[in-house]
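Scroll down for the structure; my scribbles are underneath it.
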Amino acid sequence: MTELIEKGGFMMYPIMLSSVIALAVFIERLFVFASVKLPKKEISDEFLSSLEKEGVKGGISFISSWKGAFKDFLAAVLNEKSEESCEKAASSAGDDILFNLNRRLDFLSMLGSVTPLMGLLGTVIGMIKVFSRVAAAGEMSDISILAGGIWEALLTTAAGLAVAIPILFAHNYLERKLDKITHLMMQTAQKTVALMKAGDFK
């Protein structure tokens, strides 16, 4: 592995560094997403049922044992006394959670887009070196010089693609989780506000 990196040229190092950074960001984001602690559909339905039957106090009591950002989101809504303030609280608390979840996802996307370009740049630089050596050798140049130089130059393109593909998969995976959380928060907030309004916020 070390030998291939050395043969690929200096552009192999930023590509490898990008892979390490992307992995660190992905793992860190997984922990952040896990901190939201989304309730299962059955639990969410039980919460809404408790809110409908027992009012706001019942809803607050039901989520008292929960942990994570989703609990804080619902608590912010349940502590309001009017439809307008509930909607504002849901929007504000939801924006804070989504902003925290969305951090560094654009950086992950950028790494997935840049690493193939770094690989291509390394290949172009390598090809320039190869043809300059062939030109310097003149008519007596050996075809093996050209063939050997080309495959070494192409190593950076292969490395860039090999790093970029899993990075883009990781980014899309996190984006799907973000969409799921956003949808669940919106649906739960709307149903919660509607039930609170029906119960006259008591």
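Below, the figures for the structure above:
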item	result
Cβ charges +1 (Lys, Arg) and -1 (Asp, Glu), total dipole of the chain, debye	420 debye
Entries of Lys53/Lys177; Lys177/Lys197; Lys57/Lys177; Lys40/Lys88 with Cα pairs more than 27 Å apart	Lys53/Lys177; Lys177/Lys197; Lys57/Lys177
Kyte-Doolittle mean at least 0.0, axial Cα span of 30 Å or more - DSSP H helices of the chain	12-34, 105-137, 143-198
Square roots of 5 times each gyration tensor eigenvalue, C-alpha, segment 38-119, largest first, Å	37, 15, 9
R0 of 35 Å, Cβ-Cβ distance Lys180-Met16: FRET efficiency to nearest 0.05	0.60
Where Rh is the Kirkwood radius over Cα pairs, Rg/Rh for the chain	1.32
Distance in nm between pseudo-label sites at Lys57 and Ile43 (7 Å out along the Cβ direction from Cα)	2.5 nm
Extended-chain gain in nm, criterion 0.36 nm per residue less alpha-carbon gap, Ile125 and Ala34	28.5 nm
Alpha-carbon centroid distance for the pair segment 164-201 / segment 48-70, whole angstrom	18 Å
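Just so you know, all these numbers are worked out from the coordinates, no wet-lab data involved. In this text, all values refer to a predicted model and were calculated from it rather than measured experimentally. Virtual Cβ from ideal backbone geometry, glycine too; neighbours counted across all protein chains shown.
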